[in-house]
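*Asks:* Please read through the structure below; I'll follow up with questions.
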Amino acid sequence: MQEQIYINGEILPAEQAKIHVSDLGLVRGYGIFDFFRAIDGKPVFIEDHLDRFENSARLMNLPIPSSRGQLRDIILEIIRLNPHPLLGVKMIMTGGYSEDGYTPAEKSNLIVTGKPFSFKPADVGMKLMSLEYRREIPEIKTLNYIVPIRALQQMKAVGADDVLYHQNGKISESSRSNIFIVKDEKIITPLDGALFGVTRKHILSFAKNHFEVEERDVTTQEFWEADEVFTTGSTKRVVAITQTDNQVFSNGKVGKITQKLQELFLAHEKATEKNNA
């Protein structure tokens, strides 16, 4: 099945979907995106992702060239034309074709893609490499991933799957997901310096019914002393962090609180899908 991509009012085969070299996302990295899943043709938490996409666009002063209803219809059509049991849908919007290579155009460029992907097994943990950095304007899901991409070779050298951002004695997030720590069965997640993920939002919505939950600053010392660490994201759901640098958590296994949250999240996701059917 040939991949189909939406770009500026047209749905085209992937090899025909092109943008001009004056695109501000290309020449200045000025743009936003959002990513979510579709399972068996049904988008997961689509309204939450549209909310975040619209908020990112507002904060970046980028006009969305389609109404919310039109964008939803575009997404559903991309899902229909790319029929995979598990599909990753990405919305990308840039500053458009800039006349001077600096000033955003009046019309943004809007792209929607759908590609198959697979989840990391829930019983396998991840290893992080700590990195002193705080994402610029973390409340916006921008195209700027320069720092973690530059660190890829370093991550590979130490066997890390991703990075843990920290600055001034506080942790914030990973490059593509949120971070939670568990201490004495209390679940804690950073409030400052992190992009608030949709999976994070849903975890917080039901976790408080089972555990004590806190959203607040998390120090690096608290992180190193955590009983369990896990990460959440649209491509991951809930995944244990079993090691960061030389520190091993939960004896290198998925902890019991993380396991419980994995189960609860799957049930919550299925219930949400059923209610939206």
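*Asks:* Among the residues of segment 107-122, is there at least one that is free of Cβ contacts under 8 Å to residues at least 12 places away in the same chain, closer than 24 Å to ASP161 by Cβ and outside any strand (DSSP E or B)? Break it down stepwise before answering.
*Replies:* Kept after step one, since they are free of Cβ contacts under 8 Å to residues at least 12 places away in the same chain, are these residues of segment 107-122: 121.
In the following step, the residues that additionally are closer than 24 Å to ASP161 by Cβ were identified as 121.
Subset that is outside any strand (DSSP E or B): 121.
Among the residues of segment 107-122, at least one is free of Cβ contacts under 8 Å to residues at least 12 places away in the same chain, closer than 24 Å to ASP161 by Cβ and outside any strand (DSSP E or B), which makes the answer yes.
Residue-wise test of (1) of a type in the set (Phe, Trp, Tyr); (2) within 19 Å of PRO63 (Cβ to Cβ); (3) modelled with pLDDT of 95 or more; (4) touching a His at 6+ places or on another chain (Cβ under 9 Å).
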position: MET1; (1), (2), (3), (4): no, no, no, yes
position: TYR6; (1), (2), (3), (4): yes, yes, yes, no
position: ILE11; (1), (2), (3), (4): no, no, yes, no
position: GLN16; (1), (2), (3), (4): no, no, yes, no
position: SER22; (1), (2), (3), (4): no, yes, yes, no
position: GLY29; (1), (2), (3), (4): no, yes, yes, no
position: PHE35; (1), (2), (3), (4): yes, no, yes, yes
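*Asks:* Within segment 146-193, count every residue that is farther than 23 Å from GLY29 by Cβ and among the hydroxyl-bearing types (Ser, Thr, Tyr).
*Replies:* Number satisfying all stated conditions: 1.
*Asks:* Would you pick out the residues in segment 167-176 that are crowded, with 24+ Cβ neighbours inside 10 Å and touching a helix residue (DSSP H, G or I) at 6+ places or on another chain (Cβ under 8 Å)?
*Replies:* ILE171
*Asks:* Quick one: is SER130 closer than 25 Å to ASP162 by Cα, touching a residue at least 60 places away in the same chain (Cβ under 8 Å) and either not in a loop (DSSP other than H, G, I, E, B) or not hydrophobic (A, V, I, L, M, F, W, C) (or both)?
*Replies:* yes
*Asks:* Of (1) surrounded by fewer than 17 Cβ atoms within 10 Å (Cβ to Cβ); (2) in contact with a Leu (Cβ under 6 Å, 6 or more places away or on another chain), LEU164 satisfies all except one. Which?
*Replies:* Unmet for LEU164, out of (1) surrounded by fewer than 17 Cβ atoms within 10 Å (Cβ to Cβ); (2) in contact with a Leu (Cβ under 6 Å, 6 or more places away or on another chain): (1).
Condition check ((1) out of contact with any strand residue (DSSP E or B) (no Cβ under 6 Å at 6 or more places or on another chain); (2) among the acidic types (Asp, Glu); (3) surrounded by 16 or more Cβ atoms within 10 Å (Cβ to Cβ)) across all residues:
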{"position": "LYS186", "(1), (2), (3)": "no, no, no"}
{"position": "THR189", "(1), (2), (3)": "no, no, yes"}
{"position": "LYS201", "(1), (2), (3)": "yes, no, no"}
{"position": "HIS210", "(1), (2), (3)": "yes, no, no"}
{"position": "LYS236", "(1), (2), (3)": "yes, no, yes"}
{"position": "ALA240", "(1), (2), (3)": "no, no, yes"}
{"position": "GLN243", "(1), (2), (3)": "no, no, yes"}
{"position": "PHE249", "(1), (2), (3)": "no, no, yes"}
{"position": "LEU261", "(1), (2), (3)": "no, no, yes"}
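*Asks:* Are any residues in segment 197-219 under 30 Å from ILE149 (Cβ atoms) and touching a residue at least 60 places away in the same chain (Cβ under 8 Å), and if so, which ones?
*Replies:* VAL198, THR199, LYS201, HIS202, ILE203
*Asks:* Go through segment 135-178 and count every residue that is among the hydroxyl-bearing types (Ser, Thr, Tyr), part of a loop (DSSP other than H, G, I, E, B) and more than 25 Å from GLN221 (Cα to Cα). Working first, answer last.
*Replies:* Keep residues of segment 135-178 that are among the hydroxyl-bearing types (Ser, Thr, Tyr), which gives 142, 145, 165, 172, 174-175, 177.
With part of a loop (DSSP other than H, G, I, E, B) added as a condition, the list becomes 145, 175, 177.
From what's left, more than 25 Å from GLN221 (Cα to Cα): 145.
Result for segment 135-178: 1.
*Asks:* Where in segment 1-91 are there helices (runs of 4 or more DSSP H), lying fully within it, with 1 or more residues that are within 15 Å of THR113 (Cβ to Cβ) and out of contact with any Ser or Thr (no Cβ under 6 Å at 6 or more places or on another chain)? Spell out the reasoning first.
*Replies:* On the way: elements: 24-27, 46-59, 68-81.
Where helices (runs of 4 or more DSSP H) fall fully within segment 1-91 and carry at least 1 residues being within 15 Å of THR113 (Cβ to Cβ) and out of contact with any Ser or Thr (no Cβ under 6 Å at 6 or more places or on another chain), they are 46-59, 68-81.
This table checks each residue for (1) surrounded by 15 or more Cβ atoms within 10 Å (Cβ to Cβ); (2) at pLDDT 95 or above; (3) within 15 Å of SER130 (Cα to Cα); (4) not aliphatic (A, V, I, L, M).
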site: LEU204; (1), (2), (3), (4): yes, yes, no, no
site: ALA207; (1), (2), (3), (4): yes, yes, no, no
site: GLU228; (1), (2), (3), (4): yes, yes, no, yes
site: ASN246; (1), (2), (3), (4): no, yes, yes, yes
site: LYS253; (1), (2), (3), (4): yes, yes, no, yes
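*Asks:* Since GLU54 meets every condition but one in (1) surrounded by 14 or more Cβ atoms within 10 Å (Cβ to Cβ); (2) free of Cβ contacts under 8 Å to residues at least 12 places away in the same chain, which condition does it not meet?
*Replies:* GLU54 satisfies every listed condition except (2).
The values are calculated or read from the model by the stated rules, or taken from the named source; none is laboratory data. The shown structure was predicted, so the numbers you read here are calculated from the model rather than taken from an experiment. Because the Cβ atoms are built from the backbone with ideal geometry, glycine has one as well, and the counts that use them run over all protein chains shown.
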